[in-house]
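Participant: Handing you this structure, nothing more for now.
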Amino acid sequence: MARCILKATGLISAGLAVAWLGFLGFVYMKMKAPPEQFGAFMSKLPRPFYFVLPFEPLWFRARAGTVNVGDMAPDFALSTLDKSRVVRLSSFRGSKPVVLVFGSYT
């Protein structure tokens, strides 16, 4: 009887471990998606998952870039504050320094 219980416990534990690893793989896949898709996924995730997910290591691995010190910055386009035009980073290349500020500076 005890042997049967131990076997069942082992099978349940293995099944839960496989399910957990599958869920982590799914979250990792969502983290690699564009920010809009990832945000939509995270907004529907129940709050307790935030406490049990290894969020930071997954995030840093999923969003790790390939830019190294000395590499040219990747080109991108942004709208001006008044939405009157779109500016590309490459349009400033060779003409003047550019400083990018992410987040609050107040």
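The values are calculated or read from the model by the stated rules, or taken from the named source; none is laboratory data. Given the structure is predicted, the values throughout are model-derived calculations rather than measurements. In this analysis, Cβ positions are derived from the backbone assuming ideal geometry, glycine residues included, and neighbour counts consider all displayed protein chains. Ligands, DNA and RNA are excluded from the accessible area calculation, which covers all protein heavy atoms including side chains. Shrake-Rupley method; radii C 1.70, N 1.55, O 1.52, S 1.80 Å.
Participant: Could you list the residues of the stretch 1-35 with an amide nitrogen less than 11 Å from a label point located 7 Å from the Cα of Leu45 in the Cα-to-C-beta direction?
Facilitator: 24-32, by backbone N distance to the label point.
Participant: Averaged per residue, what accessible area in Å² does the chain show with a 1.4 Å probe, protein chains only?
Facilitator: With the other protein chains kept in place, the chain gives 86 Å² per residue.
Participant: How far apart, in nm, are the 7 Å Cα→Cβ label points at Met1 and Asp75?
Facilitator: 7.5
Participant: Same structure, new question: Assigning unit charges at the beta carbon (Lys, Arg +1; Asp, Glu -1) and nothing else, what dipole magnitude in debye, to the nearest 20, does the stretch 1-105 show about its Cα centre? Numbers along the way, then the final one.
Facilitator: Values: 13 positive and 5 negative charges, 40 e Å.
The dipole of the stretch 1-105 has a size of about 200 debye.
Participant: If the cut-off is a Cα-Cα distance under 26 Å, which lysines reach Lys30, setting aside same-chain residues fewer than 8 apart in sequence?
Facilitator: Lys44
Participant: Once fully extended, how much extra length lies between Leu100 and Tyr28, figured as 0.36 nm per residue of separation less the alpha-carbon to alpha-carbon distance?
Facilitator: So the chain would gain 23.2 nm between Leu100 and Tyr28.
Participant: From the alpha carbon gyration tensor of the chain, can you work out the equivalent ellipsoid semi-axes (sqrt of 5 times each eigenvalue) and give them in Å, largest to smallest?
Facilitator: For the chain, the semi-axes come out at 46, 16, 11 Å.
Participant: Now for a different question. Restricting things to Cα coordinates, could you compute the convex hull volume per residue of the stretch 50-100 in Å³?
Facilitator: Cα convex hull per residue, to the nearest whole number: 140 Å³.
Participant: Could you please state how large a percent of the accessible area of the chain is carbon and sulfur, counting protein chains only and using a 1.4 Å probe?
Facilitator: Working: 6050 of 9100 Å².
Within the chain, the accessible surface is 66 percent carbon and sulfur.
Participant: Starting from the 7 Å offset along Cα-to-Cβ, what nm value, one decimal, do you get for the label separation of Leu21 and Ala8?
Facilitator: Placing both labels 7 Å along Cα→Cβ, they lie 2.5 nm apart.
Participant: In a shell of Cβ-Cβ distance under 14 Å around Met29, excluding Met29 itself, what net charge do Lys and Arg (+1) and Asp and Glu (-1) give? Write down the numbers at each step before the final one.
Facilitator: On the way: positive: Lys30, Lys32, Arg61, Arg63; negative: none.
So the surrounding residues net to +4.
Participant: Can you list the HN-Hα couplings for the stretch 43-57, worked out from phi with the Karplus curve (6.51, -1.76, 1.60; θ = phi - 60°), rounded to whole Hz and with x for Gly and Pro?
Facilitator: After applying 6.51 cos²θ - 1.76 cosθ + 1.60, I find 5, 9, 6, x, 3, x, 5, 4, 8, 10, 7, x, 4, 4, x Hz.
Participant: Would you mind counting up the charge near Ala77? Only other residues with Cβ under 15 Å from its Cβ, with Lys and Arg at +1 and Asp and Glu at -1.
Facilitator: +3
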